[in-house]
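J.: Pasting a structure here, questions to come.
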Amino acid sequence: MYERLLKKNGLNLRYASIDLQNNYDIVLDAVKQNGMAYNFASNELKLNEEIALEAIRRNRNIISNVPSEITSNKSISEAIDMFHYKIHGRTFR
């Protein structure tokens with residue numbers, strides 16, 4: 001049931017059980033629907049590079065919520081740099 005609700009509105013992840021918030025496929029679907037659903041993922045999945053990247057792609061404002069432990073990962077760092085490049089015309093580090 002939650003799977004359908006999350007595909008319609010990823011923010012429904014906030015009401016999901018801890019088990020669902022820690023389910024990779026469910027969280028990825030929720031984040032694909034709404035990048036802000038990243039905020040309701042388990043701490044473990046917030047450290048997942050693919051989920052973090054998808055959240056950044058869907059909503060650039062999520063960058064400030066990505067844990068510092070993974071912002072140095074090459075793909076995350078490139079996504080952050082791309083965001084700054086698009087916004088400011090240059091990259092910042």
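The values are calculated or read from the model by the stated rules, or taken from the named source; none is laboratory data. These numbers were taken from a predicted model, which means no experiment stands behind them. Heads up, the Cβs are rebuilt from the backbone with ideal geometry, glycines too, and the neighbour counts pull from every protein chain shown. Note: accessible area is taken over every heavy atom of the protein model, side chains too, but ligands, DNA and RNA are not part of it. Shrake-Rupley method; radii C 1.70, N 1.55, O 1.52, S 1.80 Å.
J.: Build a GNM of the chain with springs between Cα atoms under 10 Å: which of Glu78, Glu50, Glu69 gets the top mean-square fluctuation?
T.: Top of the fluctuation ranking is Glu69.
J.: Just how many pairs of Lys in the chain have C-alpha atoms closer than 28 Å, counting pairs that are eight or more places apart or on different chains?
T.: 10
J.: I would also like to ask the following. Could you check how much of the accessible area of the chain is carbon and sulfur, as a whole percent, using a 1.4 Å probe?
T.: The value for the chain is 47 percent carbon and sulfur by accessible area.
J.: Still on this model: For Ile62, what charge total do you get from the other residues with a beta carbon under 11 Å from its beta carbon, if Lys and Arg give +1 and Asp and Glu give -1?
T.: Net charge around Ile62: +3.
J.: Counting Lys +1, Arg +1, Asp -1, Glu -1, what net charge surrounds Ser75 among other residues with beta carbon under 10 Å of its beta carbon?
T.: Around Ser75, the charge tally is -2.
J.: While we're here: Compute the distribution of all C-alpha to C-alpha distances in the chain, in bins of 5 Å from 0, and list the percent of pairs in each, rounded to whole numbers.
T.: Spelled out bin by bin, the chain gives 3, 16, 27, 22, 15, 9, 5, 2, 0 percent.
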